[in-house]
Amino acid sequence: MPGLPIKPAVLTEIQRQFNHELSAAHAYTALAQWCAAQNLKGFARFFHKQAGEEREHAQKFMDHLLDRGASPELLAIPAPRTRFKNVLEVAQHAREMEQVNTAGIHQAYEAALAEKDYPAQVALQWFISEQVEEEAWCDELVGRVEAANCAGGASSLDRHLEKILDAKAHGGE
Ligand SMILES: [Fe+2]
Ligand SMILES: [Fe+2]
């Protein structure tokens, strides 16, 4: 069952991004674990939710490839960063990861444009919008952690983090 065939250049990009989403899930799990170890349980829960979202993103790409008659290939996932000096470094790392991820999505979209692959373009447009949200909550997170650090209020922020960021990051769930 070939489905709507996918050109090699687009397949390569979606395949790469599929694995990248899995590595993002792994990286967020590492952030959650670091925060849990510091008793920042609100941060930990928030990052665990993010890890779950990244797995859903990977699933979307996997479904797209399968629907197009291609076989998604699971590659080795690099070990994520696990050492941080403080929660500000954690927030900054999350933001850097999302910036890299946005660039990866855009790169895949450019391949879909160049190959006139309309179904892939539509699938990737969802991710383009998603990254706008992802970058917005990361910016907010970094800003709030910076402010909390000055006032020594990291644990107070921890208590409210999910309420503050969840609507932005998880569509109001
Ligand atoms: Fe993602
Ligand atoms: Fe993300």
**Study point:** Leading residue at positive end of dipole, the range 1-133 (Cβ point charges), from Ile77, Leu113, Phe127
**Key:** Ile77
**Study point:** Neighbour-count ranking [beta-carbon atoms within 10 angstrom, fewest first] of Phe84, Phe127, Phe47
**Key:** Phe84, Phe127, Phe47
Check your understanding: HN-Hα J couplings of the range 53-68 from phi, Karplus 6.51/-1.76/1.60, θ = phi - 60°, integer Hz, Gly and Pro as x?
Key -> 5, 5, 5, 5, 4, 4, 4, 4, 5, 4, 4, 4, 5, 4, 5, 8
Review point. Hey, which of these cross-link pairs are over 25 Å Cα-Cα: Lys60/Lys163; Lys60/Lys85; Lys41/Lys168; Lys41/Lys163?
Key: Lys60/Lys163; Lys60/Lys85
Review point. Once fully extended, how much extra length lies between Ser156 and Val132, figured as 0.36 nm per residue of separation less the alpha-carbon to alpha-carbon distance?
Key: 5.9 nm
Exercise for review: List, in order, the whole-Hz ³J(HN,Hα) value for each residue of the range 75-90 obtained from phi through the Karplus relation with A = 6.51, B = -1.76, C = 1.60 and θ = phi - 60°; use x for Gly and Pro.
Suggested key: 9, 5, 9, x, 4, x, 5, 10, 10, 9, 6, 7, 6, 5, 4, 4
Check your understanding: Where does each of 159-168, 104-113, 26-35 land if you order them by average Cβ count within 10 Å, highest first?
Key -> 26-35, 104-113, 159-168
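What does the charge dipole of the range 58-157 about its Cα centre add up to, to the nearest 20 debye, if the Cβ of each Lys and Arg holds +1 and the Cβ of each Asp and Glu holds -1? Spell out each step's value before the answer.
Details: 8 positive and 16 negative charges, 74 e Å.
Result for the range 58-157 is approximately 360 debye, rounded to the nearest 20.
Report, in debye and to the nearest 20, how large the dipole of the range 106-173 comes out about its Cα centre when Lys and Arg carry +1 and Asp and Glu carry -1 on their Cβ. Walk me through the numbers on the way to the answer.
Details: 5 positive and 14 negative charges, 41 e Å.
Once rounded to the nearest 20, the dipole reads 200 debye.
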Exercise for review: Grab the beta carbon distance between Asn86 and Glu56, set R0 = 35 Å, and tell me the FRET efficiency rounded to 0.05.
Suggested key: 0.75
**Study point:** Lys, Arg +1 and Asp, Glu -1 on Cβ, resulting dipole of the chain about Cα centre, debye, nearest 20
**Key:** 500
Exercise for review: For Ala70, enumerate residues with amide H under 5 Å from its amide H, sequence gap 5+ or separate chain, H modeled in the peptide plane.
Suggested key: none
Exercise for review: Name the most mobile residue of Asn19, Asn86, Asn101, meaning the one with the largest mean-square fluctuation, in a Gaussian network model of the chain with Cα contacts below 10 Å.
Suggested key: Asn86
**Study point:** Lys41-Leu4 FRET efficiency (beta carbon distance; Förster radius 45 Å; 0.05 resolution)
**Key:** 0.50
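We did not get these values from a lab; they are worked out from the coordinates using the rules stated. Predicted, not measured: the structure shown is a model, and the values here were computed from it. Reconstructed Cβ throughout: ideal geometry from the backbone, glycine too, with neighbour counts over all protein chains shown.
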